[in-house]
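The values are calculated or read from the model by the stated rules, or taken from the named source; none is laboratory data. The model shown is predicted, which means the values in this text are computed figures rather than measured ones. For neighbour counting, all protein chains shown are included, and Cβ atoms are generated from backbone atoms with ideal geometry for every residue, glycine included. Side chains are part of the model used for accessible areas, which takes the heavy atoms of the whole protein and leaves out ligands, DNA and RNA. Shrake-Rupley method; radii C 1.70, N 1.55, O 1.52, S 1.80 Å.
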Amino acid sequence: MRSIITGTGSYVPPRVVTNFDLEKIMNTSDEWIRQRTGIIERRYAESGIGSSDLATEAAKKAIEMAGLKPSQIEFIIAATLSPDHYFPGIGVSVQTKLGLASIGALDVRNQCSGFIYALSVADQYIRAGTFRRILLVAAEVQSANLDYSDEGRDMAVLFGDGAGAVVIEAYDGNDRGILSTHLFADGRFVADLWMEKPSPKDRPVFKEEYIRERRYFPRMDGRSVFKNACEKMPEAVRLALSHNQLTIDDVDVLIPHQANERITQMVAKNLNIPIEKVIRNIDRYGNTTAASIPIALDEACRNGKIKPGNIVVLTAFGSGYTWASAVIRW
Ligand code: ACO
């Protein structure tokens with residue numbers, strides 16, 4: 001039994017925020033952002049719109065492409081670091097917004113690696129025969145809580161809002177499908193890319209001093225992220241290829257997490273894969289964390305960059321640190 005992706009979908013909110021727009025609210029420049037990140041614009045959701053809303057729109061498109069009715073979905077897996085609420089996760093809200101019955105809904109919290117972690121969970125359920133049709137959504141609304149001051153500008157310029165979704169179904173043949181997923185983590189780096197507060201370790205959880213110290217915003221050690229992302233993604237891809245007795249020349253399409261154009265360039269160089277085979281859309285959406293891979297995957301499917309029989313490799317790196325890879329024969 002194999003898992004195959006039968007539908008993909010994506011949705012980004014309509015509001016475009018360019019680097020020039022950011023110049024007006026913080027001390028930055030279009031030139032700095034383009035040179036350092038490759039980003040030209042990103043999307044921001046309006047107040048009142050949550051990641052479950054974006055996920056639901058992406059899910060509708062994926063279900064439609066799969067040729068299914070929502071009622072045929074048997075299980076939902078949702079990946080996000082920006083849920084609508086501290087709890088519960090967004091899987092349950094997506095279930096209700098799609099009008100589904102009381103099927104299970106699982107939330108995965110693995111940040112930029114969230115989509116591949118969720119894909120791995122879905123793949124295991126399908127292989128075990130537990131479910132035959134799973135909806136996987138990944139969505140982020142990051143713009144609501146970025147530090148737009150000079151102190152947070154290194155991160156604020158990077159992130160955007162958006163959602164991607166796939167429908168994964170059981171397939172009885174073995175000529176296509178998810179060939180492998182590999183997952184990794186190293187918790188020594190928790191504080192190198194995190195949102196430290198609010199923390200239930202504190203009494204009270206919300207403190208004036210933390211607001212003054214801007215500790216409710218995400219923070220990263222840019223050099224640590226850069227170094228580790230550039231090392232770990234190629235490592236995960238190499239391991240996945242050797243596991244499947246494939247070489248880099250067998251790869252038709254590589255979809256790395258859209259972290260930063262410079263990281264993507266380094267990953268491609270390290271792997272010695274032609275850049276034309278690497279899907280990149282960070283210029284239009286910025287870094288959409290868990291949603292970045294399924295958005296890129298959806299675009300690549302719809303514009304014909306991914307064809308039947310292709311070897312498609314996914315890789316991600318993010319907060320935790322966590323990193324991962326997946327190999328799919330399309
Ligand atoms: N606009 C203008 N200037 C900025 C901005 C901004 N938005 N952000 C930071 N700067 C300034 C800094 O304040 C610093 O100024 P200073 O020299 O006066 O102190 C200067 O630019 C240099 O910034 P650094 O980040 O320190 O750059 P450095 O030369 O050390 O390069 C590196 C580090 C590797 C480029 C790193 O910062 C980087 O790009 N890391 C990758 C981070 C990233 O892309 N993460 C992705 C998100 S997480 C994920 O998806 C896994």
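What to note about this one:
- Intensity falloff of the range 72-172 expressed as log10 I(q)/I(0), Debye formula with alpha-carbon point scatterers, at q = 0.18, 0.22 Å⁻¹: -0.83, -1.11
- Within the listed set Thr289, Thr37, Thr80, the Gaussian network model of the chain (springs between alpha-carbon atoms below 10 Å) gives the highest mean-square fluctuation for Thr37.
- Candidates Pro274, Pro200, Pro294: whichever shows maximal mean-square fluctuation once the chain is modelled as a Gaussian network with Cα springs under 10 Å: Pro200
- The C-alpha radius of gyration of the range 12-139, expressed as a fraction of 2.2 N^0.38 Å, stands at 1.24.
- Packing-based order for 187-198, 254-265, 150-161, using average beta carbon neighbours within 10 Å, highest first: 254-265, 150-161, 187-198
- Estimated dipole of the range 76-221 in Debye, rounded to 20 [Cβ of Lys and Arg +1, of Asp and Glu -1, Cα centre]: 420 debye
- Within the chain, the percentage of alpha carbon pairs spaced more than 31 angstrom apart rounds to 27%.
- The portion of the accessible surface of the chain made up by carbon and sulfur, rounded to a whole percent, is 51 (1.4 Å probe; DNA, RNA and ligands excluded).
- Given their separation in residues at 0.36 nm each and the Cα-Cα distance between them, Lys24 and Phe206 gain 62.5 nm when the chain is fully extended.
- With all protein chains kept in place, the per residue accessible area of the range 217-324 amounts to 39 square angstrom at a probe of 1.4 angstrom.
- Per-residue ³J(HN,Hα) for the range 302-319, Karplus 6.51 cos²θ - 1.76 cosθ + 1.60, θ = phi - 60°, Hz, x for Gly and Pro: 6, 9, x, 6, 10, 10, x, x, 4, 8, 10, 10, 10, 8, 9, 8, x, 3
- Net +/- balance of residues flanking Ser47 in space, Cβ distance below 13 Å, scoring K and R +1, D and E -1: -3
- Phi angles across the range 81-87 convert, under the Karplus curve 6.51 cos²θ - 1.76 cosθ + 1.60 with θ = phi - 60°, into 3J(HN,Hα) values of 9, 10, x, 4, 9, 4, 8 Hz, Gly and Pro given as x.
- Proportion of all alpha-carbon pairs of the range 177-329 beyond 27 Å (%): 29 percent
- Take every DSSP beta bridge whose two residues both sit in the chain; close to 70 percent of them are antiparallel.
- Listed residue pairs exceeding 28 Å between alpha carbons, taken from Lys61/Lys277; Lys69/Lys307; Lys97/Lys232; Lys24/Lys207: Lys97/Lys232; Lys24/Lys207
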